[in-house]
Amino acid sequence: MKNILAIVLASLLLLAACAPSGPAVRPDVADARQAQVERLLERGNYAEAAQAWLDLAAERPERADVYRTRAAEAWLRAGEVDSAELLLDGIDPQLLGRMPRTRFDLARAELAMMRGDLGMAGWLLAHAGEDLPDALVARHQRLEERLVELETQPARQALVALDDAMADGEFEPELALALLIEYPLAALESIVYEYGHRSDLLPWLDLVISAREHLLDEQALRPALADWQSRYPTIDYSAEEALLWLAAWRQSYPRPARIDVALPGPGTPLYRAGAALQAGLVSAWLDTTPQRRPELRFHHIGNEPDDIIAAWFDAREQGAEMLIGPLDRSQVNALVALPNAGLMPTLLLNLPDDPARLADTPGLAALALPPEEEAELAAVRALVDGHERALVLAQQTGWGERVAQAFIETFELGGGQVLESQRYDPGDSDHSFLLRRALEIDRSEERANRLQQVIGEPIESVAQRRTDVDVIFLAARADDGRQFRPQLRFFDAGDVPLMSTSHIVSGAPDPGRDRDLDGVVLPISPWFLDTTAPGEVRARAERRHEHLGNPAHSRLHALGRDAMALVPWLQLMRADEQLYLPGMTGRLTMPDGTALARDLPFIRIDGGRVRAH
């Protein structure tokens, strides 16, 4: 029996040795197909290659988005921009690996260039370059070179067209505006630097630059063009004609046909704030020429972060071309974190916790009214005014801490020195103890007491405040801010310049209410200045909207007006940090291509009245 088992076992081992070790490995059919598609691309058959990638996507669903990304690349090379955009819109890049994700970003960058959105293309290329696979380095470099060329060459190409028209006798003055007005100011200035010696071109280049400098500011545009006309008195074209052409151009500039707006709904903590914002949006919409008004659709959403995500998808599915909102910061954070959030142009009405994240999501912009921004402006103005040593007093709240820190960081960054930073309880009305310590009056009294003890006799002395402080910054709101000026005078510090933010007044300055703020210097929105065009708009609006009696709601009403006014110009402002919009809340620019920055006028309160500073 044992012999039989041994023979059987030996036979089995012999068969096993002769048998193949496993199933034969055939070449991957998909790999062969991919090689075929690559050959199509090499031969320039881009449309055929795109369709081949789509066929592979249908056959291999687990890699469908990878192949769709490759198909989008091929469509772009074929010039089929709409087909490429449709594919990219349907891909979730978060589900892609490193290589396909970078391909996706590069494809979107190329698409943005072809759509003329050079700012978005730049952000996408910068994002893709942070973790670039070796295989895509050359493609990334080619796209960067192309972007540089697009940023510089188009204006020169337009100049060639202008020059040709002059040579052919087909020149019309408005042709210069039509060809060049949309290019960034820096590009136009570089052209003047190179071609300013051409006496036939110079007047028209000067016209375009004069118009571009104040393109969206009609109040400043008129005198700028009048100055241009005075420089070229023999030119047969007037400033008034240029103004009429530019007004028509602004009216006809493309804008979204439908805008969805996401605001806090009833029962949420920010509902009243959202209502003020909505009133501002609608007011600005009504000010638009009827035939140019976009369709507005409002989403009144709940308080949860997921509510804005649902509203975003609903808006996109319903055909919205742009979204304005949300206002709540947690919802802003949620939307910024949403993959592909930038596929629908969105103007956020607050900043995320980390504003730098906006740069990771092209298509998002943010318009907000952070008090820290005003504190930074105050610090810069203090330095410009020659102040070097500051004392900071801030209410002991989260708001006060943020405002104080913004001032301190900016002031010190500019070379100033913050000698002391103190906090106070906004519920207290008597700040004597705080001021005695901050102004070092207590130390002066201690020195007098020590001297009296040394000599053993009473002495007459008057406590002296410190004299090294040349500016005081006050991070205060209106109710507690008014208490400081009289108390500073009491401690002989009334002559020290006092700076704050616009929150130290309740809306527009009032002579009957703000006399205790005499001498305070602060930045303020034009909306709250009666002598400005926005102030006149506010005065009319106050007769129609009761909520404008609340300064916080009044600010938000103005913010809503600015949000609507910005809609047509966001793309141009992204590409040109010098392009500004004179808004209700300030002079608005987009220096980093994401968050709107406000430049504000400074005022000094004297006798409760406003004086320019």
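The residue pairs whose first member lies in region 157-172 and is at positive phi and modelled with pLDDT of 85 or more, whose second member is among the aliphatic types (A, V, I, L, M) and open to solvent by less than 50 Å² (accessible area, probe 1.4 Å), and whose beta carbons are closer than 9 Å, counting only pairs six or more residues apart or on different chains, do not exist in this structure. Go through region 323-344 and give me each residue that's assigned to a helix (DSSP H, G or I), open to solvent by 20 Å² or more (accessible area, probe 1.4 Å) and modelled with pLDDT of 90 or more. Those that are assigned to a helix (DSSP H, G or I), open to solvent by 20 Å² or more (accessible area, probe 1.4 Å) and modelled with pLDDT of 90 or more: Arg329, Ser330, Asn333, Ala334, Ala337. In region 285-305, the condition of being over 23 Å from Arg538 (Cβ atoms), within 23 Å of the chain's Cα centre (by Cα) and in a helix (DSSP H, G or I) is met by at least one residue.
Results for (1) surrounded by 16 or more Cβ atoms within 10 Å (Cβ to Cβ); (2) modelled with pLDDT of 95 or more; (3) within 18 Å of Ala565 (Cβ to Cβ), shown as yes or no for each residue.
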| position | (1), (2), (3) |
| --- | --- |
| Glu241 | no, yes, no |
| Leu244 | no, yes, no |
| Gln251 | no, no, yes |
| Pro254 | no, no, yes |
| Arg258 | no, yes, yes |
| Val261 | yes, yes, yes |
| Pro264 | yes, yes, no |
| Ala279 | yes, yes, yes |
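Listed by first and then second residue, the pairs with beta-carbon distance under 6 Å, at least 6 apart or on different chains, first residue in region 33-60 and closer than 18 Å to Glu80 by Cα and open to solvent by 40 Å² or more (accessible area, probe 1.4 Å), second in a loop (DSSP other than H, G, I, E, B) and among the hydrophobic types (A, V, I, L, M, F, W, C), are Tyr46/Ala78; Ala47/Ala78. Counting the residues of region 469-525 that are touching a residue at least 60 places away in the same chain (Cβ under 8 Å) and part of a strand (DSSP E or B) gives 10. If a residue has to be touching a residue at least 24 places away in the same chain (Cβ under 8 Å) and in a loop (DSSP other than H, G, I, E, B) to count, how many in region 213-235 make the cut? Count: 5.
In region 501-512, what count of residues is obtained for those that are touching a Pro at 6+ places or on another chain (Cβ under 9 Å) and either open to solvent by less than 20 Å² (accessible area, probe 1.4 Å) or among the β-branched types (Val, Ile, Thr) (or both)? Step through it out loud before you land on a result.
Of region 501-512, the ones touching a Pro at 6+ places or on another chain (Cβ under 9 Å) are 501-503, 505-508.
Next cut, either open to solvent by less than 20 Å² (accessible area, probe 1.4 Å) or among the β-branched types (Val, Ile, Thr) (or both) only: 501-502, 505, 507.
Total meeting the criteria: 4.
Pairs linking a residue in region 333-352 that is at positive phi to a residue that is in a loop (DSSP other than H, G, I, E, B) and open to solvent by 20 Å² or more (accessible area, probe 1.4 Å), with Cβ atoms under 8 Å and 6 or more positions apart or on different chains, are Asn340/Asp92.
The values are calculated or read from the model by the stated rules, or taken from the named source; none is laboratory data. This structure is a prediction, so every number in the text was calculated from the model and none was measured. Methodologically, a virtual Cβ is constructed for each residue, glycine included, from the backbone with ideal geometry; neighbour enumeration extends over all protein chains shown. With ligands, DNA and RNA removed, areas are computed over all heavy atoms of the protein, side chains included. Shrake-Rupley method; radii C 1.70, N 1.55, O 1.52, S 1.80 Å.
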